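Visitor: My structure is below; once you've seen it, I'll send some questions.
The values are calculated or read from the model by the stated rules, or taken from the named source; none is laboratory data. A quick note: this is a predicted structure, and the numbers were derived from the prediction, not measured. Here the Cβ is made from the backbone with ideal geometry for all residues, glycine too, and neighbour counts use every protein chain on show.
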Amino acid sequence: MKPDGMHIPVMYPGVHQTTLARHVSRCMISVNILIRRVSDFEVGDWIMDSGAFTRISTGKDHLEPGMYAEIAHRWHGCGNLQAVVSQDWMCEPFVLAVTGGTVQRHQDQTTERYLDLRTRIDTADGPYLMPVLQGYTPEQYAAHARDLSPFIGHNAWVGVGSVCKRQGRPDSLAAVLEAIHDVRPDWRLHGFGVKSTSLRSSRVCDRLATVDSMAWSYAARMQRLASGEGPSPNSAEALLGWMAKITNIRPDGHRQQTLT
């Protein structure tokens with residue numbers, strides 16, 4: 001059980017094979033593995049990711065918005081699809097070097113795509129479209145939050161992108177989350193690719209409602225490379241073993257109230 005006053009974000013482990021989804025109560029699945037899939041699969045609560053990191057960081061563009069919306073509606077009835085992540089453009093320096101863009105340009109593209117997809121996906125009979133905030137410095141994230149704020153409702157579930165490569169120092173991530181919180185304290189934030197190091201920080205956990213991570217597969221792969229032993233990085237054993245460890249992580253310190 002969680003100690004009184006301690007908040008731990010809800011984890012959606014990323015799975016790169018749909019057969020793994022049935023082993024966990026919730027997960028995140030990339031659109032990249034659903035594009036050509038025909039049949040339904042067993043899954044509980046889940047989020048459909050846009051595959052932005054894989055696509056943009058390797059020089060590819062996003063799927064055309066009409067196609068992305070079509071895929072989102074196709075899978076809306078499979079399990080409990082809680083959210084479809086809006087297509088975004090990351091702002092890390094190495095990504096800007098690939099695209100030749102700027103932080104401002106990537107933020108503008110992210111906003112424009114959200115507004116486009118909202119008319120196609122976030123309809124009365126469609127799944128929830130999760131907007132994504134982009135930037136690199138806390139001030140840039142706050143600026144993007146102000147830009148998107150008129151279009152996003154109260155208590156909305158909002159993603160925070162471009163954070164997975166900066167988490168050797170959790171205070172850096174915490175500063176970003178706190179800057180967003182200063183603009184819209186009502187938003188329920190989702191952290192993409194959040195590492196266990198950051199989940200040990202109460203400053204980070206205090207500002208996140210949900211997180212996702214593919215670290216379980218990476219950890220299993222590194223274990224096999226180092227020792228030649230351990231579960232396959234594609235196995236349910238590796239996934240469930242990692243989830244058990246994540247469940248036992250406790251942030252440092254205690255907070256005054258629990259996010260809901």
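Visitor: Of all residues in region 61-84, count the ones that are assigned to a loop (DSSP other than H, G, I, E, B) and on the phi < 0 side of the Ramachandran plot.
Guide: Qualifying residue count, region 61-84: 7.
Visitor: Could you please tell me which pairs satisfy a Cβ distance under 8 Å, a separation of 6+ or placement on different chains, a first residue in region 20-35 that is of a type in the set (S, T, Y), and a second residue that is surrounded by 15 or more Cβ atoms within 10 Å (Cβ to Cβ)?
Guide: S25/D45; S30/G14; S30/M48; S30/D49; S30/S50; S30/G51
Visitor: If a residue counts only when it is modelled with pLDDT under 95, surrounded by fewer than 23 Cβ atoms within 10 Å (Cβ to Cβ) and small (G, A, S), which helices (runs of 4 or more DSSP H) contained entirely in region 161-227 have at least 3 such residues?
Guide: Those helices (runs of 4 or more DSSP H) span 215-227.
Visitor: Given D61, D40, which one is farther than 23 Å from D125 by Cα, surrounded by fewer than 13 Cβ atoms within 10 Å (Cβ to Cβ), free of Cβ contacts under 8 Å to residues at least 40 places away in the same chain and not aromatic (F, W, Y)?
Guide: From the options D61, D40, the qualifying one is D61.
Visitor: Now a separate question. Can you confirm whether region 71-90 contains a residue that is closer than 24 Å to S213 by Cα, surrounded by 21 or more Cβ atoms within 10 Å (Cβ to Cβ) and among the charged types (D, E, K, R)?
Guide: Yes, region 71-90 contains a residue that is closer than 24 Å to S213 by Cα, surrounded by 21 or more Cβ atoms within 10 Å (Cβ to Cβ) and among the charged types (D, E, K, R).
Visitor: Quick one: I47 ticks every box in (1) in a helix (DSSP H, G or I); (2) under 29 Å from V95 (Cα atoms); (3) among the aliphatic types (A, V, I, L, M) except a single one, so which number is it?
Guide: Just one mismatch for I47, condition (1).
Visitor: Only one residue in L81, L63 is of a type in the set (A, V, I, L, M) and over 16 Å from the mean Cα position of the chain (by Cα), so which one is that?
Guide: Every option except L63 fails the conditions.
Visitor: Any idea which residue in region 113-131 is nearest to the chain's Cα centre (by Cα), counting only those that are surrounded by 17 or more Cβ atoms within 10 Å (Cβ to Cβ), in a helix (DSSP H, G or I) and not charged (D, E, K, R)?
Guide: Y114
Visitor: Does Q107 meet the test of being closer than 19 Å to C164 by Cα, modelled with pLDDT of 95 or more, assigned to a helix (DSSP H, G or I) and polar (S, T, N, Q)?
Guide: So Q107 fits the description; yes.
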